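Read-outs throughout are calculated quantities, based only on the coordinates presented, and are distinct from any laboratory measurement. Only a predicted model underlies this, so the values are computations on that prediction, with no experimental measurement involved. Don't worry about glycine lacking a Cβ; one is built from the backbone with ideal geometry, like all the others, and counts go over all protein chains shown.
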Ligand code: DUC
Ligand code: ZN
Ligand code: ZN
Ligand code: ZN
């Protein structure tokens, strides 16, 4: 046989091993993995010499907002499926799972799914799938969960805050019970919306409108309380949930306790909670708006350290970007929609919540060298694939099973370090919250289903728009309900 591509002299890193292996690719798949040198004199259309660099599965980013209407404040997202997936590929993320958002005013999820398919079709550089965002769990919407599963959508997201999306506890139970029946994993945005609204009103009464008060309006307590409530509701129905974008030590502790009791509670954190603090939000003038996301960056480095520890010790199942991009200098659709003549410093409650980060997630986390190599692959690639039903096709380097989605990194110490600038990135956003940070690693080459799509030194992005495909997902391969079959409390 003639292989399409062989990768020689790399150090293959998966979620379970680090080894000197050569990899052969044919027809979009990883077809052979042998000890370094053991492939011998095989024929290949293309040979890549990794020169001792890490060969890792392509990144799987399971929390990405693209082409969404205003849901989290006044602006709409800056990236569409084209620019968002382009940015993904340029940072080594080969698969993204984005949200298909159902609004409160809509009664069906299947229309939402169809509309989102139309937005993504033929425009993506990366492979993609969807989580259904349930804004209105009507009887009709609940009846559609079964069809969603058949359509390859095995996860939902619900919110405990935001006027446009917030569900009350009875609605959450409705969703969890039907999710249990259909083998669906439910993602939960756990913040207490009433606490946030109350704090917002208190602050506004005192003429506190600047971006930094976004932090005060989203106290840690609101996250801690909602996290514990979400865990309690999940335990009652005995069905798996994933708490998204966890930012506080106290919420992390509740999650760890639940996991230690054997509950199928999963958790996610994001780079903003590893790298940003209140100081970033407290910048003078309107600058802090660049770091307005929810939950907000927390008090101090000690909070970031606790989040890093949660990644290292397994409390966090996955590290996602929560790429939710809004332009800064845009008075009609971006962060500045909240500035008016009456409110010259803006009004924090209208600043759209979210930060861009799909392109910088892998590089920043790997460059920090705070996680072992296998842990890094686990939380950025293997676990999101396992949790959301993409494993072993995505997230692994398994002979005969995995798509040839691969990042080849620079050999340790070989890349010239540089300071990150937004102009280096490929999203449609006019800033990055990580401006000026030292970049110590970046994918040198990226393959998507056996095709070279990124070559940092020769052309950068060389993948094509439309090569990215929709990937149907199966059920989670992580632990599900403790007791199988019908729910234990018969109705
Ligand atoms: N948080 C964000 O930062 N953006 C989107 C929504 C959310 O909950
Ligand atoms: Zn979200
Ligand atoms: Zn959220
Ligand atoms: Zn989000």
Area projected by the alpha carbon convex hull of the stretch 379-419, averaged over all directions, nm²:
4.2
Would you list the P(r) distribution for the stretch 225-310, with all Cα-Cα distances sorted into 10 Å bins from 0 and each bin expressed as a whole %?
18, 44, 26, 11, 2
Compute the normalised compactness of the stretch 317-405: alpha-carbon radius of gyration over 2.2 N^0.38 Å, N being the residue count.
1.56
Label-point separation in nm, residue 2 to residue 486, each point 7 Å along Cα→Cβ:
6.2
Looking at the chain only, what percent of DSSP beta bridges run antiparallel? Nearest 5 please.
45
Projected area, mean over directions - the stretch 93-163, Cα convex hull, nm²:
5.3
Restricting to the stretch 92-165, what percent of DSSP beta bridges are antiparallel, rounded to 5?
0
Alpha-carbon gyration tensor eigenvalues x 5, square-rooted, for the stretch 169-262, Å
29, 15, 10
Most packed first (mean Cβ within 10 Å per residue), the peptides 416-428, 324-336, 47-59, 114-126 order as 47-59, 324-336, 114-126, 416-428
With only alpha-carbon atoms counted, please give the Rg and Dmax of the stretch 268-336, in Å.
13.6, 43
The stretch 299-367 - convex hull of the alpha-carbon atoms, volume per residue in Å³:
128
Sorted from largest down, give the three principal axis spans of the alpha carbons of the stretch 1-133, whole angstrom values.
62, 27, 24
Under the √(5λ) rule applied to the eigenvalues of the Cα gyration tensor, what semi-axes describe the equivalent ellipsoid of the chain? Give them in Å, descending.
35, 27, 21
Segment residue 236-residue 398, extension gain: residue separation times 0.36 nm, minus the distance between their alpha carbons:
54.6 nm
Rg and Dmax of the stretch 397-491, Cα atoms only, in Å
20.3, 63
Degrees between helix 220-237 axis and first principal axis of the chain (Cα, 0 to 90, nearest 10):
70
Over the Cα atoms of the stretch 185-226, what radius of gyration and what Dmax do you get, in Å?
11.7, 42
Output the 0 to 90 degree angle, nearest 10, between the alpha-carbon long axis of helix 301-312 and the longest principal axis computed from the alpha carbons of the chain.
50
Could you tell me how many degrees, from 0 to 90 and to the nearest 10, lie between the Cα long axis of helix 169-181 and the main elongation axis, the longest principal axis, of the Cα atoms of the chain?
30
Quote the relative contact order of the chain in percent (integer), defining contacts as alpha-carbon pairs under 8 Å separated by 6+ residues.
22
Hey, can you rank 138-150, 9-21, 74-86 by average C-beta count inside 10 Å, highest first?
74-86, 9-21, 138-150
Where the Cα pairs of the stretch 1-67 fall when distances are cut into 10 Å bins, in %
20, 49, 20, 10, 2
Label-to-label distance, nm, for residues given as residue 340 and residue 464 (7 Å Cα→Cβ offset):
4.9
Point-to-point label distance, residue 424-residue 287, nm (Cα→Cβ direction, 7 Å offset)
2.1
